[in-house]
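The values are calculated or read from the model by the stated rules, or taken from the named source; none is laboratory data. Here the structure is a predicted model, which is why all the values come from computation and not from measurement. With ideal geometry, Cβ positions are generated from the backbone for all residues, glycine too; neighbour counts draw on all protein chains shown. Protein only, heavy atoms only, side chains kept; ligands, DNA and RNA dropped before computing areas. Shrake-Rupley method; radii C 1.70, N 1.55, O 1.52, S 1.80 Å.
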Amino acid sequence: DAEITQSPRHKITETGRQVTLACHQTWNHNNMFWYRQDLGHGLRLIHYSYGVQDTNKGEVSDGYSVSRSNTEDLPLTLESAASSQTSVYFCASSDGGQHTGELFFGEGSRLTVL
Amino acid sequence: GQNIDQPTEMTATEGAIVQINCTYQTSGFNGLFWYQQHAGEAPTFLSYNVLDGLEEKGRFSSFLSRSKGYSYLLLKELQMKDSASYLCAVITGNYQLIWGAGTKLIIKP
């Protein structure tokens, strides 16, 4: 069965460290997204990609970067982790145009920055 | 600005019916999603509305009125497993996807 997986599922790191969260999907979807979810907020878009070599900033992209070298993977890097980046991060993928398709989410990565 | 409003929390009884409302003010509209999210898990797709009216899918139905900027999710014959958060999301005119903060639904026996 096709799926979307994230790793690590839980991570504790220190302020200033570089952290990379992996996202791998076997749906063969062109569109991939990274969201963060915090209490009291809706899902907020960090970065997204509509295909290989395409990346775009979302509403909360400061301090984060992504790269898309193949269809399956969209790793999210925190260049210098800050306590404000403590959150649950969800990767998602979809087919179809732009944001119109059903999103398939990974199980989430809980990041704590001390 | 663009905004989606949902009640923060609702409580209902097993076997009953509950309606979760979502109102939105966005720059244009290209569709509305409802997702379910159990605590500690990923959101999963429930429904998609782009035209006015009611879409029924088993125990769940979703309604849209574009002129009123309003949608609701109707859950019938509530089961304990329906305890979850329900997320409303709108595709705007320039194809951004804006999410509400979600409604936590508590089902009591």
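Per-residue Karplus couplings for region B:22-28, computed as 6.51 cos²θ - 1.76 cosθ + 1.60 with θ equal to phi - 60°, are listed in order as 9, 10, 9, 10, 9, 7, x Hz, Gly and Pro entered as x.
Could you tell me what a quarter of the Cα convex hull surface of region B:11-89 works out to, in nm² with one decimal place? It would help to have the intermediate numbers written out before the result.
Numbers: hull surface 21.6 nm².
Seen from a random direction, the Cα hull of region B:11-89 projects 5.4 nm² on average.
Only protein heavy atoms count here; under a 1.4 Å probe, residue A:54 has an accessible surface of about 50 Å². The A and B chains share an interface that buries close to 1400 Å² of accessible area, total over both sides, probe 1.4 Å. These residues, A:17, B:59, A:9, go from largest to smallest accessible area, 1.4 Å probe, as A:17, A:9, B:59. Evaluated at q = 0.11, 0.18, 0.19 Å⁻¹, a Debye calculation over the C-alpha positions of chain A (equal weights, vacuum) places log10 I(q)/I(0) at -0.31, -0.84, -0.93. Shown is the FRET efficiency for residue A:57 and residue B:56, computed with R0 = 25 Å from the Cβ-Cβ distance and rounded to the nearest 0.05: 0.05.
Let me make sure I get this right: for the protein assembly as shown, a, b and c are the square roots of the gyration tensor eigenvalues over alpha carbons, sorted descending. Under 1.5 in a/c it's rounded, otherwise prolate if a/b > b/c, else oblate. Which is it?
Prolate is the answer for the protein assembly as shown, as a/c is 1.5 or above and a/b outweighs b/c.
Each Lys or Arg adds one and each Asp or Glu subtracts one; over the other residues with Cβ under 15 Å from the Cβ of residue B:102, this totals -2. For peptide B:45-57, the mean count of partner chain Cβ atoms within 10 Å of a residue's Cβ comes to 1. If R0 equals 22 Å, the separation of the Cβ atoms of residue A:83 and residue A:10 corresponds to a calculated FRET efficiency of about 0.85.
Excluding residue A:11 itself, what net charge comes from residues whose Cβ is under 13 Å from its Cβ, given Lys and Arg +1 and Asp and Glu -1? Write down the numbers at each step before the final one.
Details: positive: A:9, A:17, A:110; negative: A:14.
Net charge around residue A:11: +2.
If you take all other residues with their beta carbon under 10 Å from the beta carbon of residue A:25, and give Lys and Arg +1 and Asp and Glu -1, the sum is -3.
Per residue, the accessible area of chain B comes to 47 Å², computed with a 1.4 Å probe over protein heavy atoms only. Computed over chain B with a Gaussian network model linking Cα atoms closer than 10 Å, the most mobile of B:32, B:87, B:54 is B:54.
Accessible surface for residue A:88 stands near 30 Å², nearest 10, in the context of the full protein assembly shown (1.4 Å probe).
Ligands, DNA and RNA are left out, and with a 1.4 angstrom probe the accessible area of chain A is 48 Å² per residue. Per-atom-type breakdown for chain B gives carbon and sulfur 49% of the accessible area (1.4 Å probe, protein chains only).
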